[in-house]
Amino acid sequence: MSETQHHASDSTEFHHHSHDGGETRREFLKDAITGTAALTSSLIPDMATAQQHDDHAHAEHGHHTDMTPLLNKELADPFNQNTNNWLDAHEKEWKECFDCSADPVTEVELVCIDERMLMQAQTVSGKRILRMAGSGVLWKNLDELVEAVVAYVTAQAKGRPLSSITVKVSSHVACGAAGIEFGNDKDPDESARVFQRDSIVKQLKTKGINAIHTGDAPMVKGPHTAIAAAVDCTDGRLQRLPSINAFVVSDPDNVPHAIEEALLALKIASGSHAYGEALKQFTFVIFSDPMRPAVAEQITKALQEQTKEFTARGMDIRFVTRTAPAAK
Ligand SMILES: [Zn+2]
């Protein structure tokens, strides 16, 4: 039996939930994402196990942090007040966050979509950053993820040996994706680390990829505060953000997965461990690749369709698109 199958059967066995009648975590997540489940009440509490596993007493009785001042601060931020104006006024800054160099790619980092991940101060030539929940632990199956990363690295190598690109896979503490995938484990973060190291990295190595697990990535302490998500459609050339607080989604050329994880960002922000029902506004910033504008169009259309349940509840879901600078 492959590791993928082990992983899948683990999910079936251990990821039952109080809401279900035998429904697995996977099916539930899928339902949540397509809008057929009561997602904010059922999906997010599990993330508490990862986000606050040192703090169960509080998790049982609602949030211990008063989120109102944090939400007001975010809403008052010029970026969130008028994202179009902000991006126009700061065009130089956000454009500098993309690697546009013709330098060969030598490094690819897999980092969580979590907005609390600390980003590098400068854009580095020849580096790509993929942003996936839990560095990939929520992919439907391991083989699919590994194949996607291998195809991605092969394309980035442009004929050079695959080993010329180092793939760094990171974990982080209080990972919501770990809570979703391994919520019934004693230490979901550790389960995610083990999966990243012993499944993702190991499988990538068997495919000739120079992959390493780099341990916990540095992050900001405290609850989720972002009310925006950036979706990078440039295959990982977006390396950082220009002083804005936002989740970042960037998949190895997988549109359905990018859509799923962008929705997950909205669900985290409107979940019980962030702002809950107090959240009335969320902005998606879609960075389109000038060479492949159809990708951004497809993602935007799908997100508009799949956020209708939020707008029906009176939430203001905003979409802002910008064309990323072209690579040289
Ligand atoms: Zn995470």
message: Going by what's in this entry, would Ser171 be described as over 16 Å from Arg131 (Cβ atoms) and either small (Gly, Ala, Ser) or within 11 Å of the ligand (Cβ to nearest atom) (or both)?
response: no
query: Can you spot a residue in the range 263-270 that is within 14 Å of the ligand (Cβ to nearest atom), without any contact (Cβ under 8 Å) to a residue 60 or more places away in the chain and surrounded by 23 or more Cβ atoms within 10 Å (Cβ to Cβ)?
result: yes
field: Given (1) of a type in the set (S, T, N, Q); (2) under 26 Å from Ala226 (Cα atoms); (3) more than 14 Å from the ligand (Cβ to nearest atom), number of the condition Thr206 does not satisfy
entry: (2)
Breaking point among (1) small (Gly, Ala, Ser); (2) part of a helix (DSSP H, G or I); (3) in contact with an Asp or Glu (Cβ under 9 Å, 6 or more places away or on another chain), for Ser163: (3)
- prompt: Given the structure, is Gly126 at positive phi and modelled with pLDDT under 95?
  reply: no
query: If you take the residues of the range 174-200 that are small (Gly, Ala, Ser) and within 19 Å of Ile212 (Cβ to Cβ), which of them is nearest to the ligand (Cβ to nearest atom)?
result: Ala192
query: Cβ-Cβ below 7 Å, separation at least six or inter-chain, first residue in the range 102-126 and within 16 Å of the ligand (Cβ to nearest atom), second among the polar types (S, T, N, Q): which pairs?
result: Glu109/Ser170; Leu110/Ser135; Leu110/Ser170; Val111/Ser135; Val111/Ser170; Cys112/Ser135; Glu115/Asn245
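The values are calculated or read from the model by the stated rules, or taken from the named source; none is laboratory data. Keep in mind it's a predicted model, so treat the numbers as computed, not measured. Glycine also receives a Cβ, built like all others from the backbone with ideal geometry; neighbour counts cover every protein chain displayed.
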